[in-house]
1. Do the conditions hold for residue 138, that is, is it small (Gly, Ala, Ser), surrounded by fewer than 24 Cβ atoms within 10 Å (Cβ to Cβ) and under 29 Å from residue 248 (Cβ atoms)?
2. Taking the criterion of being in a loop (DSSP other than H, G, I, E, B), surrounded by 12 or more Cβ atoms within 10 Å (Cβ to Cβ) and modelled with pLDDT under 95, would at least one residue in the range 7-25 satisfy it?
3. Which residues, taken from the range 73-130, are free of Cβ contacts under 8 Å to residues at least 40 places away in the same chain and touching a His at 6+ places or on another chain (Cβ under 6 Å)?
4. Mind telling me which of the residues 225, 270 ends up being surrounded by fewer than 20 Cβ atoms within 10 Å (Cβ to Cβ), closer than 30 Å to residue 311 by Cα and polar (S, T, N, Q)?
5. Inspect the range 257-266 for any residue being over 19 Å from the mean Cα position of the chain (by Cα), at pLDDT below 95 and more than 26 Å from residue 106 (Cα to Cα) and give the result as yes or no.
6. Criterion first (of a type in the set (Gly, Ala, Ser), touching a Leu at 6+ places or on another chain (Cβ under 6 Å), at negative phi and assigned by TED's automatic domain parsing to the domain that holds residue 227) does residue 183 satisfy it?
7. Any residue at all in the range 195-209 that is among the basic types (Lys, Arg), in the same structural domain as residue 301 (by TED's automatic domain parsing) and outside any helix (DSSP H, G or I)?
8. Does the range 117-143 hold any residues that are farther than 20 Å from residue 86 by Cα and under 14 Å from the mean Cα position of the chain (by Cα), and which are they?
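The values are calculated or read from the model by the stated rules, or taken from the named source; none is laboratory data. Computed from a predicted model, the values in this text were never measured in an experiment. Note that we place each Cβ from the backbone using ideal geometry, even for glycine, and neighbour counts take in every protein chain shown.
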Amino acid sequence: MERRLTSFGLVVMTVIGFLFVASLANHRIQLAREQATHKPPGQMVAVNGHRLHVYGEGVGQPTLVFLSGSGTTAPTYDFRGLYRRLSGDYRTVVVERAGYGWSDHSNASRDIATVLAETRTALRASGHEPPYVVFPHSMSGLEALYWATVYPDEVAAIVGLDPAVPPVYEVLPPPRLILTLVAFSARTGLLRLFPSLCRDTPPVTRGYVSAQEVDGYCAILFGRTMTNDMIEEILITQANAELVASHGFLDVPLLLFVSDGSDLAVPDWTELLIAYAKAAGGRYRLLDVSHYVHNLAAETIAADIRSFLHELAGE
């Protein structure tokens, strides 16, 4: 009986091993094909020993700069539902950090000062000069706050899209086991077994990504989920949050769009963001949607942003 169980176990392990090898081989073949087929729609600019992808459209001032949250694999597509509603009157720009979208991987530290330096260099190298209105989602809220603190003349305002604020990271430890499992699934190609992970996301289901672009969007998702750069960002986030918090509150116009927090691991996410907005002398709007507010409430947010920007310009 024991021999039969042992033999059965060996067969199962062999089959699983074969599936992993086949998945990995297919993944590498698909990556090579996808990289040759789906070219970046924006500019690739040299920054700190690697290249970042900067996508811009529209004409007008001020320049609106969109910064993605942690693990958002395709920022250019992710923000499209919102910036397309604004680019008729403003220059809108998405900076994809190292390891995101079409940007290269990086061996540089992911501390907030380095990340911000790369963002600022990429913007100028792509022809976008300050001042900027910065639109951070999730984790990049820290970068936006730090930016306004260290270079106040460059940031005309911050419009947070359910952004993380320093108090969030007092109760949100990095989920290392989950990061490892997701990274393993991505790098072995196992995620490709679940096409709905891409095709059922709001950028696709809401039509922000055209039918011709869906394959490219999915290629990025399957090729850029939980990259080393993303993992390094997450692991250093608490230290970054402490640095931002040490500067206190900043004197910059602030508008936060706050989700209901229903899909986040922080039970008091909504309350933390509202409290921060009040303490910083800013404004907030509570939305009855989950974390990716710019996908789920784009029309409402765009209307409020226009009013906010008109007021900012004294109109």
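1. Values: small (Gly, Ala, Ser): yes; surrounded by fewer than 24 Cβ atoms within 10 Å (Cβ to Cβ): yes; under 29 Å from residue 248 (Cβ atoms): yes.
Answer is yes for this residue.
2. Of the range 7-25, the ones in a loop (DSSP other than H, G, I, E, B) are none.
Among the residues of the range 7-25, not one is in a loop (DSSP other than H, G, I, E, B), surrounded by 12 or more Cβ atoms within 10 Å (Cβ to Cβ) and modelled with pLDDT under 95, which makes the answer no.
3. 93
4. Details: 225 fails: closer than 30 Å to residue 311 by Cα.
Selected residue: 270, the only one of 225, 270 that is surrounded by fewer than 20 Cβ atoms within 10 Å (Cβ to Cβ), closer than 30 Å to residue 311 by Cα and polar (S, T, N, Q).
5. Checking the range 257-266: not a single residue is over 19 Å from the mean Cα position of the chain (by Cα), at pLDDT below 95 and more than 26 Å from residue 106 (Cα to Cα).
6. Values: of a type in the set (Gly, Ala, Ser): yes; touching a Leu at 6+ places or on another chain (Cβ under 6 Å): no; at negative phi: yes; assigned by TED's automatic domain parsing to the domain that holds residue 227: yes.
The answer is no for residue 183.
7. Here is the first cut: in the range 195-209, the ones among the basic types (Lys, Arg) are 199, 206.
Restricting the remaining residues to those that are in the same structural domain as residue 301 (by TED's automatic domain parsing) gives 199, 206.
With the extra rule that they be outside any helix (DSSP H, G or I), the set shrinks to 206.
Looking through the range 195-209, at least one residue is among the basic types (Lys, Arg), in the same structural domain as residue 301 (by TED's automatic domain parsing) and outside any helix (DSSP H, G or I).
8. Scanning the range 117-143 gives 119, 138, 139, 140, 141, 142, 143.
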